[in-house]
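Accompanying notes for the structure given below.
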Amino acid sequence: MFGRTIQLFLVDGTPTGLRKATIHGWTGLTFVATDATFAALTARPELDRTGVYILYGPDPIKDGATRAYIGSANSVAERIKQSAGQRGFWQTAIAVTTSDDDLSKGHVEYLEARLIQMALSAKRTELDNGTFPAEHRRRLPEADQANMEQFLLNLQIILPVVGLDMLKPQPRAVAELSTPAAQRTAHDIKFEIRHRSGVTAEAVEEDGEFVVLEGSRCLTDTGYVGTTYSVLKQTLIDEQFLKPAGDGLLEFVRPYSFSSPSAAAAVILDRNSNGRTEWKVKDSKQTYADWKIQQAVNTPTSQ
């Protein structure tokens, strides 16, 4: 893997204002706005071009979830205004076009279909789109299709940088459910919680995500009120990641990717927890925190 240069330009000089992101050597232009800077976004002359856009924010239906709408247009500025006016959930608007205005209607319809497909596959956000067009119906010449796939690869790099991870593939420990957990995590360092109550849980870390594996158990109704992750735990129950396991415990029947070890520990122990000390390398007393320090010490310094 090699490095990439991303330029993030603060259009009005403030960190909360309109932002413009580009990758060195790529003609794509990515603009990021909030409700407060939406007028500045749609006033940009670059957006009176063919492109794609995303509206993103908290899901008003599912607690703790996010929702997105993906669209394309001959004039992004006009269409994104229409779409934003029809939807109240969004907090972030992202518009993507090119500096040389070389995207055709066929190009952006292909990009829209592929972005929807990728978001559905990643399963990180709920989509507000009423229809899900298949990319094979957005026919392009072979060379154009290859160019659009490269365009998408660049978007997969730049979108997480501006705070949008909806296209990021799920970790292997979550995605490859047809393979037993022991096999699909055979090359990963495993972490565990062994609580005095008898509750045990196992997890692995992949690409910055902390994945609790199926078979892990959780405490419930411990009497701690108002824990930070109570809503998340209830969502996991509602979506059947967690099911009753007897003795007042819950069990993960599917792996789940948490944003941090502390979030995972809080759900498992049913209280706010410091996951950096609660999780330990399996079959050892080394905490997650000590393991991270060891990894940093053992990592060669870049020249």
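Of Leu232, Leu249, Leu242, all but one fail to be out of contact with any Asp or Glu (no Cβ under 8 Å at 6 or more places or on another chain) and closer than 11 Å to Ile268 by Cβ; the exception is Leu249. Take the stretch 69-90 and flag every residue that is under 22 Å from the mean Cα position of the chain (by Cα) and assigned to a strand (DSSP E or B). Listed by number, the residues that qualify are Tyr69, Ile70, Gly71, Ser72. May I ask you to list the residues in the stretch 250-262 that are among the small types (Gly, Ala, Ser) and part of a strand (DSSP E or B)? Correct list: Ser257 only. The residues in the stretch 229-280 that are open to solvent by 20 Å² or more (accessible area, probe 1.4 Å) and under 21 Å from Asp59 (Cβ atoms) can be counted, and the count is 16. Selection over the stretch 42-66 of residues that are in contact with a Ser or Thr (Cβ under 9 Å, 6 or more places away or on another chain), open to solvent by less than 30 Å² (accessible area, probe 1.4 Å) and either within 21 Å of Glu109 (Cα to Cα) or assigned to a helix (DSSP H, G or I) (or both) gives a count of 8. The helices (runs of 4 or more DSSP H) falling completely within the stretch 91-191 that include 2 or more residues that are open to solvent by 70 Å² or more (accessible area, probe 1.4 Å) and modelled with pLDDT under 95 map to 105-122, 142-161, 181-184. In the stretch 263-303, of all residues being within 14 Å of His195 (Cβ to Cβ) and of a type in the set (Val, Ile, Thr), the one that is farthest from the chain's Cα centre (by Cα) corresponds to Thr277. If the condition is being among the small types (Gly, Ala, Ser) and over 16 Å from Gly163 (Cβ atoms), then the stretch 1-20 contributes Gly3, Gly13. Of the residues making up the stretch 263-296, those that are touching a residue at least 60 places away in the same chain (Cβ under 8 Å) and assigned to a helix (DSSP H, G or I) are Ala264, Ala265, Ile268, Leu269, Gly275, Glu278, Tyr288, Trp291. Residue count for the stretch 156-174 under the criterion of being more than 16 Å from Ile23 (Cβ to Cβ) and touching a helix residue (DSSP H, G or I) at 6+ places or on another chain (Cβ under 9 Å): the result is 7. Out of the residues in the stretch 194-249 that are in a loop (DSSP other than H, G, I, E, B) and among the β-branched types (Val, Ile, Thr), which is modelled with the highest pLDDT? Applying the filter and picking the extreme gives Val199.
Within the stretch 195-210, is there a residue that is open to solvent by 60 Å² or more (accessible area, probe 1.4 Å) and farther than 18 Å from Thr277 by Cα? Among the residues of the stretch 195-210, at least one is open to solvent by 60 Å² or more (accessible area, probe 1.4 Å) and farther than 18 Å from Thr277 by Cα, which makes the answer yes.
Applying the condition of being at pLDDT below 90 and hydrophobic (A, V, I, L, M, F, W, C) to the stretch 267-303 and asking which residue is farthest from Ile189 (Cα to Cα) yields Val297. Screening Asp101 on (1) at negative phi; (2) touching a residue at least 12 places away in the same chain (Cβ under 8 Å) shows it passes everything except condition (1).
The values are calculated or read from the model by the stated rules, or taken from the named source; none is laboratory data. It should be emphasised that the depicted structure is a prediction, and the values quoted were computed from it without experimental measurement. We place every Cβ from the backbone using ideal geometry, glycine too, and count neighbours over all the protein chains shown. In case anyone asks, the SASA skips ligands and DNA or RNA and just uses the protein heavy atoms, side chains included. Shrake-Rupley method; radii C 1.70, N 1.55, O 1.52, S 1.80 Å.
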